[in-house]
Amino acid sequence: MQTRRNGLVIMGKLISLLDKFSFVMILAVFNGTLGFVCSMAVTIFGSLGIAKFLGAGIALSYEWVIGLVVVFGAARGLLRYLEQYFNHFIAFKLLEILRQKVFQKLRKLAPAKLEEDKKGNLISLLTADIETLEVFYAHTISPACIALLVSLGVFLFVGFMSSWYLALIVLFGFVFIGVILPIIYSKYMKNCGIEYRSTLARFNSYFLDSIKGIKEIVFHRNEKNRENKVNKKSSELLKITKIQKNKTAIASAISEASVAFFIVISFVVGILLYYSNQLELGNLIIGLVAIYGSFGPVLAISNLPNNLTQTFASGDRLLNLLEEKPAVEDIVDKNDFKFEELRVRNLSFSYKNSEEVLKNVNFHVKKGEIVGIVGASGSGKSTILNLLLRFYKKDGGEILYNGIDIETINTSSLLDNVSLVSQTTYLFNESILDNIKVANNNAKLNEVISATRKANIHNHIQTLENGYKSIVSTMGENFSSGEKQRIGLSRAFLKKSKLLLLDEPTSNVDAINEGIILSSIVKAKKDCAIILVSHKESTMAIEDRIYKFSDKTLEELSDGK
């Protein structure tokens, strides 16, 4: 994956997110700059004491020199603490805001984004990539500002208090170490950082798949093969990590060597100025001490590209997501409705960069009816349900609710009226009660029980030690596929939508439970309309009309009973 944006563009966009925290960042820069001045003051006043001892005309007494060294030393500690506090306050607040922005964006992009993108890649973005940005907000912005202010201050101080020759040398050193080297390092390490983030994302995706599918791997005795593949991907990640660490070590060595070089040049020039009587001993000591202790901020800037390559790669991935256009935009300020009937006319659709899936599809359903849609796997049954919820934008034809085109119905009204129970029901790592109340947070316990009875899962819940308060394990591992499916049905019954879209609602249950669930579905139709998608002939007995897929369209097999 190649970074689309220039590093400066990414930096500018990330800085723009500071917004209301700008004042806090100013406080961090102020405390950091003042703190470093105090740090330099400790060595400078110490050098004044030495200069006074060597006979230089220093007006301050030894008591004052020692007192000032102690005061500035204590102030340095306090100011450093405040700088780090403000930096990390901003960083962690912004990370919280970024996670909220990503979640809100995924809400708009789903489900199309979740179907086309690997889950591990998104998890990597939500965790590793966002955490990487902490380096930028806590250890990049204020250090860069501090380096600029301190460098300018040291240049003027050395010029006025010692020698402008030394001031020019240290100024060139600041520019070389704090500007030229970081530019070189950024180009040197750019591709490495991008490749590392991409490799890490791929590893996370594959490893997550391996964890989720561990049962199947064991059942089919595929452990060794999977282990080898995981190790191979881990080796790829380790390889790029080693390359990155080696480049980081080389860059750090060059920066440290450059600092030593400019310090030696300053010392040599200072000695020459002293012996040519152009600089007094006291001023020489003050100037050299100031120079020796001044490279910390620019050295920190010089080392930033070691982390910024990853930061920019992470920032670019995050910005890509935040700026991504959803397959459909939410509709507001148009039409609301209360479901009575649905008519689909000449519906056609194809996924991005693929051949047509649906062509001239026609069917209808009204309240009190159950309509069945049958077809082979991959024929487009689930696609129709996604289009009825406007998860994707149709290519042609009409989807009319009460005669109103779906493109003019408010998204909130559509989701209030239509519920989907998909083939796979996701259970959260919370109580069973909370999992079912996802469909209606204000539902009372008796309403929840009524919904679970309809889905034939109430009795099973009652057998659990804590009943409805039982906690669902991560990824719902303590529930079978059939039990998850019935909890999904419970959610649909609890929501009480007027149109239920059931995608293979009995695919994971036995014949007895299937009969009970189908009976519940028949009873539910008096209050709503139901579209039941299935490949099982046994489910077709309860339908008022049946449509079958044939060459990307639907053919009606029978009329109402």
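Quick look at the values:
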{"read-out": "Cα long-axis angle, helix 7-16 against the chain (0 to 90 degrees, to the nearest 10)", "value": "80"}
{"read-out": "Surface accessible to a 1.4 Å probe, MET161 within the full protein complex, Å²", "value": "90"}
{"read-out": "Calculated on alpha-carbon atoms, Rg and Dmax of the stretch 344-493 in Å", "value": "18.0, 52"}
{"read-out": "Radius 14 Å from Cβ of ILE286, net charge of other residues (Lys, Arg +1; Asp, Glu -1)", "value": "0"}
{"read-out": "Square roots of five times the Cα gyration tensor eigenvalues for the stretch 406-561, Å", "value": "27, 19, 14"}
{"read-out": "Folded to 0 to 90 degrees: helix 511-524 orientation relative to the chain principal axis, Cα", "value": "90"}
{"read-out": "On Cα atoms only, tilt of 62-109 relative to the major axis of the chain in degrees", "value": "20"}
{"read-out": "At most 15 other Cβ within 10 Å, DSSP loop - trypsin sites (Lys or Arg not before Pro), the stretch 281-378", "value": "LYS334, LYS338, LYS352"}
{"read-out": "Relative frequency of Cα-Cα separations exceeding 18 Å in the stretch 407-495, percent", "value": "40"}
{"read-out": "PHE157 accessible area, assembled protein chains, probe 1.4 Å, Å²", "value": "70"}
{"read-out": "Qualifying trypsin sites (Lys or Arg not before Pro) in the stretch 419-467, DSSP loop, other Cβ atoms within 10 Å at most 14", "value": "LYS444"}
{"read-out": "Under 5 Å, built H, 5+ apart or other chain: amide partners of GLY372", "value": "LEU532, ASP544, ARG545, ILE546, TYR547"}
{"read-out": "For the stretch 293-394: Kirkwood Rh in Å [reciprocal of mean 1/r, alpha carbons]", "value": "18.7"}
{"read-out": "The stretch 385-401 - phi-based ³J(HN,Hα) in whole Hz, Karplus 6.51/-1.76/1.60, Gly and Pro as x", "value": "4, 4, 5, 5, 9, 6, 6, 10, 8, 5, 7, x, x, 10, 10, 10, 9"}
{"read-out": "Filter on LYS454/LYS526; LYS215/LYS469; LYS325/LYS381; LYS394/LYS523 - keep pairs with C-alpha separation over 23 Å", "value": "LYS215/LYS469; LYS325/LYS381; LYS394/LYS523"}
{"read-out": "Size of the chain as Cα extents on the principal axes (Å, biggest first)", "value": "114, 55, 47"}
{"read-out": "Accessible area (Å², 1.4 Å probe, nearest 10) - VAL70", "value": "90"}
{"read-out": "The chain, helix-only ellipticity at 222 nm - DSSP H runs n ≥ 4, -39,500 (n - 2.57), divided by all residues, nearest 500", "value": "-20500 deg cm²/dmol"}
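The values are calculated or read from the model by the stated rules, or taken from the named source; none is laboratory data. What you see is a predicted model; the values in this text were computed from it and never measured. Because the Cβ atoms are built from the backbone with ideal geometry, glycine has one as well, and the counts that use them run over all protein chains shown. SASA here: full protein model, heavy atoms, side chains in, ligands and nucleic acids out. Shrake-Rupley method; radii C 1.70, N 1.55, O 1.52, S 1.80 Å.
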